[in-house]
Amino acid sequence: MSSMIKGPKDFWTGALYLFFGAAGVILARDYGMGSAARMGPGYFPTVLSGLLMLFGAAAIVRAFLRPGTPIGAIAWKPILVVTGGTICFAFLLRTAGLPIALLALILISASGSAKFRFEWRATAAMIGLIVFCSLVFVKGLGVPLPLLGSWFGA
């Protein structure tokens, strides 16, 4: 079968899209669909999952028609570093607050890249992102996330 597949990267990407799209449709099937004018809670996840499955099918078809690159080695360091940053964010969110948790998430996750360097533009962008997320999510949308956590007596 692998000799028929000309683009293994496209094939496995499409297979993942199909899998996650099908999982989304299965999980959303118990919710009411509604209509396009009056959407129910299952409408958006079902439509989004259907689109994901459509893109997955297109990628699989493309894998049989066009030659592509083989799948390379798994980059374990970035996977582990980003996962560690996410775990650190989850731990720090309630104890240190959103800005510090975001700072840790961004710095830890960025350190997984071979191109990671401290530069003033990247630092300014990081500070801007932290301020933006704090304002939009906590102040604008009212998401109950602490700006200062329990470590700071909040």
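Some observations on this one:
- Selection status of T86, in a helix (DSSP H, G or I), modelled with pLDDT of 95 or more and within 29 Å of F11 (Cα to Cα): yes
- A Cβ distance below 7 Å, combined with a sequence gap of six or more or placement on separate chains, defines the contacts here; from segment 92-116, residues that are surrounded by 17 or more Cβ atoms within 10 Å (Cβ to Cβ) reach residues that are among the charged types (D, E, K, R) in the pairs G112/K77.
- The set of residues from segment 47-75 being surrounded by 10 or more Cβ atoms within 10 Å (Cβ to Cβ) and among the small types (G, A, S) comprises S49, G50, G56, A57, A58, A59, A63, G68, A75.
- Filtered residues of segment 38-70 (kept if aliphatic (A, V, I, L, M), more than 17 Å from L18 (Cβ to Cβ) and in contact with a helix residue (DSSP H, G or I) (Cβ under 8 Å, 6 or more places away or on another chain)): none
- Segment 130-154 residues that are under 14 Å from F89 (Cβ atoms), paired with ones that are surrounded by 12 or more Cβ atoms within 10 Å (Cβ to Cβ) and of a type in the set (S, T, N, Q) (beta carbon under 8 Å, 6 or more apart): G149/T95
- In segment 100-152, the residues that are assigned to a helix (DSSP H, G or I), in contact with a Phe, Trp or Tyr (Cβ under 7 Å, 6 or more places away or on another chain) and either farther than 28 Å from A75 by Cα or of a type in the set (G, A, S) (or both): A101, A104, A110
- Selection count, segment 24-63, where residues are touching a strand residue (DSSP E or B) at 6+ places or on another chain (Cβ under 6 Å) and not in a loop (DSSP other than H, G, I, E, B): 1
- Within segment 1-46, considering residues that are among the charged types (D, E, K, R) and closer than 21 Å to L65 by Cα, the one surrounded by the most Cβ atoms within 10 Å (Cβ to Cβ): D10
- Residue in segment 74-83 that is of a type outside the set (S, T, Y), under 30 Å from S111 (Cα atoms) and not in a helix (DSSP H, G or I) present: yes
- Test for I100: is it under 27 Å from A23 (Cα atoms) and β-branched (V, I, T): no
The values are calculated or read from the model by the stated rules, or taken from the named source; none is laboratory data. Values in this document were obtained by computation on a predicted structure and should not be read as measured data. With ideal geometry, Cβ positions are generated from the backbone for all residues, glycine too; neighbour counts draw on all protein chains shown.
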